[in-house]
Amino acid sequence: MKRLLTLLLPWLVGLAALAITAVLALHEQRTQQQTLRASFDLGLRQTANRVEQRIASYELVLRGAQGLFRAAERVDAAAFSTYVDALLAGADFAGLQAIGHAPALRAAGGRLSSPVTFVAPAIGQNLTVLGFDLQDEPVRRAAMLQSRDSGSIAITRKLRLLIDPESGPQNGFLMVLPLYAPGQPLATVDERRRHHRGWVFAAFRMSDLMSSLYGEGMPGLEVRIHDGVALNDATLMYQSGGAQAQAARFEAQEYIGFAGHTWTLVVRTQADFDALHNLDAPRIIVIAGIGVSLLLALLTQQLVRGRERAHAVAQRMTRQLRDSEERYRRIVETADEGIWMGDAEQRTSFVNPKALQMLGYEAGQLIGLPLTVLLEEPGRAQVAASLALRDQAATTHHELQLRRKDGTALWASLAMNPIIDAAGHYAGALAMFTDISQARQAEARRSVLESQLRESQKMEAIGTLAGGIAHDFNNILAAILGNAALAREQLAPGHPAAAHLAQIGQAGGHARNLVQQIVAFGRRQPLARVAQPLAPLVEASMTLLRATLPAAVDLQVVLPAEPVWARVDGNQFQQVLMNLCTNAWHALHGSSGRVTVGLAVVTLDADGAQALGHLRPGPHARLWVSDSGSGMDAATRARIFEPFFTTKPVGQGTGLGLSVVHGIVAAHEGAIAVHSTPGEGSRFEVYLPQLPAPAQPPTTDRAAAPPQQGQGERVLYVDDDPVMVTLVEALLDRAGYAVSCFGDARAALAALQAEPAAFDLVITDYNMPELSGLDVVQALRSVRPALPVIISSGYLSEDMRAAAAQAGVPHLLQKEYTVEQLVPLVQQVLAAQNRK
């Protein structure tokens, strides 16, 4: 029996080994099939990932070119080529044939044209595309318009590159990015179209791109890439190797999406796929099981290891899938846009955290509610109409108001798309919305600033006109006042004409003050701004005002305990205060009432300073004048600073008071605000930059000594106005000076050149034909450099003062003050000359 067992044992062992070998061989075959499938799927995924990564690197290159145009005011061909060559130095950009630039031009009839202006590298066939209009070709044009409207990158469909010859074209595509005007809002499609300036694009050859990833191809695998989801020869962009007739062991598809575009990646095994993998394990197991029983353990160990490898591949793929799901979940939860999803009945099924934060709801509070309950009209009706179209709806964009949980409104830009399930049925809608409240507020603020700018420009234009006529008025007034004063001196006491001449002088003085107001309004009157406390100026003005106000008017003054300092022209500051108080008094219409004048220090923040105009934030002196009068409506408030606009009856106002105030305040780098309601009075507030109080108060100059009688000094006077010549001659002759008058500047120069030592002083008009007063000064310097000169003019601008100082003439005379200031000024100049 034992012998039989011994004989049979090898057979039994052999049969057992064969049985075990058969079981193990069949198991190994199944394991290898799984391993091959896992390897194939991994190759498919790696191919898709590499294509996606390469496209992403291309996008970065193109965005770098876009950044070049954003950063530079002007980009020429050389700078563009240098920049692109630097970008293309790396190996990651193989397959990229050229990067170019095409502007957005409008041809006759409004047709969009985009000729290629730059291309790099600027070599070989790349140069042939210069000047080609990319809008002429539908595939390129479609991608460019998509990019312009979306504001992001776009990719064309399959096309033939222009740089490829007609005889052997290769498949390729273009990647385009839009260029917009810098600093412009791009929130909507209309804004992006309006500020669009052109494109940068990159051309790629598909075969070069794939070759850069795998060389001539992937061993054992055939790779095809189709443009879109349709699989046919028309959409085929790339195929590695030749097509094989036999059936493939494995074949799969992967969709690659980027820039709103889809490619279909098709991978199938080839005949040599099996040869690249070890399939001898079952045969080895059979041989080992028959020949050597000891190899059974080794074969078992090999099977265990094989199972471990297969399990590791499966775990890795599961982990990748889990990571992908987690990545998309984080994108949705951390997105900076609100995301809403609804079911087929338009009930809320999902809202991301950003949307809950924007709307003020807690998680779960919106589930089951329709989207329309969150909308204000007319956006509610627009969205409801889009949802009613269900699967027939296209992508819609709306700018509308959402209602937060607390009832406040939120302006948002909303984009909505229908959701279609795998069966092609309508499954709901997806909406994404962005908070544009700040953009809306900025737009409203811009409208306010534009309105302020228009008003400022209008006042500037009127001021220019008003300042321009002051010169002629002052010449006329100087002649009137001077001759009236001379005539009044020549009359005997009690002469009947004396009263009339006095009235002429009084009227001329009023006219001179009016001209000063016109010059002040136009901001053309030179300022004498000094740092000084404002309270004494207010008190001095109130002393004068109290003497003129009726007893029925209650004048109240509110002054701070501490001094308020600012850099002002004292006379013009008092003129502002007197004009405002006079307006407040007139607003009472002769009845009893109250006028309040106050001074204080306020600190303006950035918003408050901007609301007043172009003030800087910080401490300001605020002067206010309020009344209890009739007040003003909005239409009157809008025009009160216009020159010659008045609500007073004819003969009771010139309409220049507030215009002058506006001009003086602007010249002092300040601002003025008006608050008024009909029936409730008005309040004018003037804001001036405050200065810190100095360590010592400024001192005032002592009064100038009265002029003395001349001693026959010789004065040469030049003026083309005969009336002024007569007036000045009489004034200087009466004061004891020997005067030689000339109406022509060249004649005066000829007289001086003939006798350079014959004159002690020259007085010349500034505005004369042929030669100006400065021309006369320059000619005098070549004859007698030390001869003192006085320049007179009906209007002394800052530019004229600077030019006179540069020419060495420190003494200037305004013609309207000829009677009062000419003789003292002559005495002062001659006295200074004698002291040298």
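The values are calculated or read from the model by the stated rules, or taken from the named source; none is laboratory data. Keep in mind it's a predicted model, so treat the numbers as computed, not measured. All Cβ positions, even for glycine, are placed from backbone atoms using ideal geometry, and neighbour counts span all protein chains on display. For accessibility, only protein heavy atoms count, side chains too; no ligands or nucleic acids. Shrake-Rupley method; radii C 1.70, N 1.55, O 1.52, S 1.80 Å.
Things worth noting here:
- Residue among 357, 365 that alone is assigned to a loop (DSSP other than H, G, I, E, B) and modelled with pLDDT of 80 or more: 365
- Only residues that are touching a residue at least 12 places away in the same chain (Cβ under 8 Å), farther than 20 Å from residue 835 by Cα, not acidic (Asp, Glu) and not in a helix (DSSP H, G or I) were counted across segment 766-792, and they come to 7.
- Count of residues meeting criterion [aliphatic (A, V, I, L, M) and either in contact with a His (Cβ under 6 Å, 6 or more places away or on another chain) or open to solvent by 10 Å² or more (accessible area, probe 1.4 Å) (or both)] in segment 790-827: 10
- Which numbered condition residue 373 fails, given (1) more than 38 Å from the chain's Cα centre (by Cα); (2) surrounded by fewer than 15 Cβ atoms within 10 Å (Cβ to Cβ): (1)
- When the residues of segment 533-573 are filtered to those that are farther than 21 Å from residue 670 by Cα and touching a Phe, Trp or Tyr at 6+ places or on another chain (Cβ under 7 Å), the one that is modelled with the lowest pLDDT is 549.
- If you go through segment 43-69 and keep only what is touching an Asp or Glu at 6+ places or on another chain (Cβ under 6 Å) and either open to solvent by 30 Å² or more (accessible area, probe 1.4 Å) or closer than 16 Å to residue 225 by Cα (or both), you end up with 44, 48.
- For residue 147: the one exception among (1) outside any helix (DSSP H, G or I); (2) out of contact with any Asp or Glu (no Cβ under 8 Å at 6 or more places or on another chain): (1)
- Taking each residue of segment 368-396 that is aliphatic (A, V, I, L, M) and looking for partners that are open to solvent by 80 Å² or more (accessible area, probe 1.4 Å) and not in a helix (DSSP H, G or I) with beta-carbon atoms closer than 9 Å, six or more apart or interchain, yields 369/347; 371/347.
- Residues being assigned to a loop (DSSP other than H, G, I, E, B) and at pLDDT below 85 - total across segment 409-442: 5
- Test for residue 763: is it in a strand (DSSP E or B) and either touching a residue at least 60 places away in the same chain (Cβ under 8 Å) or open to solvent by 50 Å² or more (accessible area, probe 1.4 Å) (or both): yes
- Taking the criterion of being among the hydroxyl-bearing types (Ser, Thr, Tyr) and touching a strand residue (DSSP E or B) at 6+ places or on another chain (Cβ under 9 Å), the only residue of segment 28-56 that qualifies is 47.
- Residue 755 vs. criteria in contact (Cβ under 8 Å) with a residue 24 or more places away in the chain, open to solvent by 30 Å² or more (accessible area, probe 1.4 Å) and over 30 Å from residue 508 (Cα atoms): no
- Here residue 386 fits the description: among the polar types (S, T, N, Q), out of contact with any Asp or Glu (no Cβ under 9 Å at 6 or more places or on another chain), open to solvent by less than 40 Å² (accessible area, probe 1.4 Å) and not in a loop (DSSP other than H, G, I, E, B).
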